[in-house]
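This report refers to the structure that appears directly beneath it.
The values are calculated or read from the model by the stated rules, or taken from the named source; none is laboratory data. Computed from a predicted model, the values in this text were never measured in an experiment. Glycine gets a Cβ as well: all are built from the backbone with ideal geometry, and neighbour counts include every protein chain shown. Calculation scope for accessible area: heavy atoms of the full protein, side chains included, ligands and nucleic acids excluded. Shrake-Rupley method; radii C 1.70, N 1.55, O 1.52, S 1.80 Å.
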Amino acid sequence: MRMFSNVAKEITCVQKKIPEKYIRESSMIRGPKFLVRLKSHTVFENTPIKLFCTVEGYPTPHVKVCLFLSLSLCVCVCLSSCRCGIDDTAMYTAVASNSHGQASSQASIIVKSESKLNSRPLMMCSLETSYQLLIVQPCHFLTLFLLRFSDAILPEIKYTKINITFLETFNVTFGKEEDCVTLACKMTISPNLANLQPDALWYRDEHLLKESKWAKMESGGGVAKLTLTHLAKDDEGLYTLRMVTKGGDAVHSAYVFVEGTELMLSCAPRCSLLSALNLNRIYYNTISYFKVSKCEKVGTENWTQCNDSPIKICKYPVPGLFEGHSYYFRVRAVNSHGISRPSRVSEPIAALDPTEFERLHGVPSAPGQVVATRETDTSVLIQWAPPKEPNNLIGYYIDSCVKGSKDWDSANHKPNKKTKFVVHGLKTGETYVFRVQAINELGLSEESQESAPLSVRAALKLPSAPYDIALLYCDGESMVLNWKRPAHSGGAEVTDYYIDRCNVAKKAWKEVNVPPIKERLYKVPNLTPGSVYQFRVYGANVVGLGNASTSSPPFKCEAWTMPEPGPPYDLSFIEIRDDSLVVEWKPPVYTGASAVTGYYVDMCKKGTETWTTANAAAVDHCYLKVKGLQTGSFYVFRVRAENAQGTGKPSVPSDRVCAKTLPGSQEIKCGVDEQTGDIYLSFESCQMAEISKFVWKKSYQEITDFSKGLAIKTSGSNSTLLFKNPDKEDVGTFSVAVTHTDGVSASYKITAEELAKMLTLSYDIRNPIIPLKTELAYKILERGRVRFWLQAEAISSAVTYKFFANNKELVNCEQTKMSHDVATGTIEMVLDHFTEDSEGTYAVQIQDGRGKAQSSLVLIGDAFKAALAEAEYQRREYIRVKEGTELYTVANLKKESAFHWFKNDVEVIPEVPADLGSGVCKLLLSQFSKKDVGVYKATISDDRGQDVSQVDISGKVFDNIINDLTRVAGASAADLVIHCTSEGIMLQCYMKYYTEEMKITWAHKDSKITASERMRVSGTPAMATLEIVEPTEKDKGVYTFEIKDSEKTNTRHLELSGQGALFWFSDRGKVVGGLPDVVTIMEKKTLSLTCTVCGDPKPQVTWSKNDQEVEPGDQYVISLDSGKFASLTIKGVTLEDSGKFTMAVLNKYGGESVDIVVSVYKHGDRIPEIKPSPTPKRIMPPTMPIVIPTAAKPASAPAAAPAKSPAPAPKSPAPSRSVRSPTPSRRK
């Protein structure tokens, strides 16, 4: 108490020394300043010492104390102790800082003693949280008293240097009001640490931007984005992105210009009323006054004007508001031209008393980045950055939430004062996210950003030491060792082992292996016979090397020669239950004088030393299920191997095991998959670690052969063993164990009887029966055809079926047409000729996926006679038009009957003679068109008299035939193909039948093409064509062909996007000019025919005379200079040189040829007058196929394969140059 009294007196004294002028300036903002600085002291040991200093500044400075101290020693304030020690010798620094700057003061304390001080290196350390200070704060002055220190020294904080390099940046941006603009930067962060991500700060004209509906910010993954969702004039300015890290920042800036939209007024306000309207100065003088409007709900049109009289200045007090209500405001400007559009709507403003408003806005800002790290398998350590505006912070609340859900749970019930917290009670293996809120006396802050998702696992550690090193075999120069894996893996799999050895006589440990050992069985070589050795083993995981095991018992290096086998090893337990467990082991390395024939398992109950044998007879496999155990009791087991010479040494005793079922344990479930018919064994684990694996075994041997249809599917904590091809060999015991758990395991025995039942059920699932609504039935159709049909409950588009007649399979053809309808489930066959030979049994077999069905119909005897009579009745006097190309008539004919066809009373001789035997007579109308309009008659006469039947093909009947033809042609229309002609390119659409009366349309880029000399629309009976004469770049694009009937429009597309189709017009060989049409020359003169040619690649030039190629020689000289200038020189022309000369220019894309008439006259003769008759250039098509690249086409109907046309299609003049377009998909 006396010490505190003295301190209070000194504080009062210090306050009196403060100049009065500083008190009067207490409300001024300024950086820290030391009024009374620290002073150095030299004292003897056990002498009390006091240090103090006084600091001024506003806001109140934050003070921390640092010191230079002898290594490993520092002290903390202790108010109850007032004596110094030698270890208190150091240099002390007080650092005061606030938002306006920083100041410091230093002082040395030297404590002397009679003994000589040891010199130790000095190091820097922060005492911000490791000492106690007495701080007196009168107004904005801060007085600091440092009494005595005693605690461990803290290491210097070293920040990780993070380098940021911008890869892509935003440039100067121009936008219009109401546009949406995104500014983005891509960068590399090195090193990229999840816990040390940089902060992305956006500024506009040096003002920090915050997230709002007008500005959306994104950061992460090496990208920072700012999206201005609704541009306004306010948004114009210099935008800066600062990527802030502990080691510095990276900055990029660019200007954003916002252009006003065209309105009835040239200028409008560009910011809200509440942000102190800053009008564009250019237009300010033109504005007459302002109108202010308010609204209680944004997004509605309930805006009411606030001012009745004009406002001439940029501020206005709004009356008539209700306290507690929030309002939005906007402003419009008025000038001589009218009213502008409204300004951007302001943020909501609450009508509150100023003091209440200040109270509501005094809560802390949101805490900074939240980082979660693993601690245990049920807890996580959370750390976060404090809020930038603490506002008298009281503490923090931490919330946790399972990833993917929105259920947030509070982790603490009272404020946590530190910026770290351990969240307990979490579920192992579950993934969580965390957030933090700050609180002060006014309320809670906004939530921080969520942490990165974290799976709850124990933090990785070093593994514990291996143990129980055992000798399995010795040959006199080496030893085979085995050991047990570490009891604790440290959260990661132990993958490596290292062995040390020690010759007991020399007592020196040496490394046995440098490369790590992966298995727990190792042969130690190069040992000295007769020597005694000890061994120790280390385990390692991803964290590092664990501790060494205890030394093994001494092993003498003597060769084993005993006839009995050596000890088994690697005992383990699975399927631990309340009264049983299964022991597994590995066979001995040393088998003795003969092979091992069996094993005995001994067990010893805890609390006794008596070993009892669990199996009366030896087992010949390496596992044994031990039953009759006492629930909750602990047991130890060992195994002995036996051969013909006797029983060998027992194994190393196992770890003790408790006979108790693991809580939550489940058994293996066996069943048949209802979808696939696969037999399965499924197991759900009650425990899972991050590195856990499911190990499936048959007869306790791990399953590694999956060639016979076995498969393992694992998802989370569930694993399934599937039998894809089950058979009788799958009888036996199957087991599963889950690694890195507390012994989670189970087994299931499949018996022969159970397997037989499951095989039957599997067959029924894989071979289901398709349910039928109706069985196979028949119906007599027109012209005496018979329809056989049935209806299933449901079928898919992949259904297949076969029809049979009298056990003979029928094929799908004109006589037996088969079809199905997925929508109704109907399957049918139409028999075209139903005669006396059709009597018998009809059947159909259906398969849809794995489902099958069969149905049959018997038509014999009276039932058949009735069906046949009805079919014959329907055939009588039947005539109809089929696809508009054939006329049928069916009559009651005799061999003596005379049958004739007439058109407009003129007899027509059909190509197919009348079949008087079958009674079917046909008249084929090939290439049906308007020329076939007329009245057709069929006459028949014999001794019974004469009969006539006729049909008038004109008007609506003709239109119906054309419509039927159009439907058939549209369904058979193939893909569009390109064909090169001598004048251009031709688009062709092959189809079953084509006539010009059909309704077809060609379009280019959705514009209908009208037939012209350049766009020639035509066709043949086998195709519709569009020829483009001398195409240019403008002819690129999508071409559409439509063929329309009364019900449907079939469409085909082709896109000319590549250059191939146009190459041979732009790049083919051409004659540019220079040659005359007619040349007259006197004999014995020299004639030179020269012109310019072009083409890419360079063309070849040939000359011919009267269609015979000119051979170059002494008289005829042919040249081609630079690939451009072609010439033919005739030396000493004679009368024989008169005639027609032709020059041909040709490359791979084609070329041209021109004719020149040469007339030679004798000397002294009158020059002949020859009137030139201009001959056009002849275009030569390409001499090789042209590959025309095409781009992806708009979706269209899938084209059917080209059907056989009624008339044979003419051969293409150059089929090798046709290029098929990719098959378009159906347009929706």
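Quick notes
- Between the range 796-840 and the range 172-250, the Cα center-to-center distance that results, in Å: 71 Å
- For the range 636-712: rounded, prolate or oblate by the Cα gyration tensor [a/c cutoff 1.5]: oblate
- For the set S855, S949, S410, the ranking by accessible area, highest first and with no ligand, DNA or RNA atoms included, is S410, S949, S855 under a 1.4 Å probe.
- In terms of packing, defined here as the mean over residues of other Cβ atoms within 10 angstrom, the peptides 924-937, 1136-1149 line up highest first as 1136-1149, 924-937.
- When the solvent-accessible area of the range 914-996 is split by element, carbon and sulfur atoms take up 48 percent of it, the probe being 1.4 Å.
- Principal semi-axes in Å for the range 717-772 [√(5λ), Cα gyration tensor, largest first]: 30, 15, 8
- Note that the range 996-1050 presents 55 Å² accessible area per residue, ligands and nucleic acids not counted, probe 1.4 Å.
- Most to least packed among 633-639, 969-975, 838-844 [average Cβ atoms within 10 Å]: 969-975, 633-639, 838-844
- For the range 803-882, the carbon plus sulfur part of the accessible surface works out to 47%, probe radius 1.4 Å.
- Sum of side-chain charges, I712 neighbourhood, beta-carbon under 14 Å (Lys, Arg +1; Asp, Glu -1): +3
- With a Förster radius of 35 Å applied to the C-beta separation of V935 and K779, the computed FRET efficiency comes to 0.55.
- Accessible surface area normalised per residue over the range 1052-1146 is 48 Å², counting heavy atoms of protein chains with a 1.4 Å rolling probe.
- Panel note: the C-alpha atoms of the range 749-862, placed on their principal axes, show extents of 67, 32, 23 Å (largest first).
- Pairs of Cα atoms nearer than 8 Å and 6+ residues apart set the relative contact order; for the range 631-762 it is 23 percent.
- K808 versus K724: modelled label distance in nm, points set 7 Å from Cα along the beta carbon direction: 4.3 nm
- Pairwise FRET efficiency - R1166 versus S1122, Cβ, R0 = 41 Å, nearest 0.05: 0.55
- Pair E1109, T419: separation of 7 Å Cα→Cβ label points (nm): 9.1 nm
- The apolar share of the surface of the range 418-477, taken as the fraction of accessible area on carbon and sulfur atoms (1.4 Å probe, ligands and nucleic acids excluded), comes to 47 percent.
- In loop segments of the range 1065-1135 as defined by DSSP, there are no trypsin sites (Lys or Arg not before Pro) with at most 11 further C-beta atoms inside 10 Å of their C-beta.
- For the range 1085-1133, the equivalent ellipsoid derived from the alpha-carbon gyration tensor has semi-axes of 21, 12, 8 Å in decreasing order.
- On a per residue basis, the range 421-475 carries 48 Å² of accessible surface, using protein heavy atoms and a 1.4 Å probe.
- Förster radius 35 Å - calculated FRET efficiency between E477 and D742 (Cβ-Cβ, nearest 0.05): 0.25
- Ranked by the mean number of other Cβ atoms within 10 Å of their residues, highest first, the peptides 313-325, 594-606 fall in the order 594-606, 313-325.
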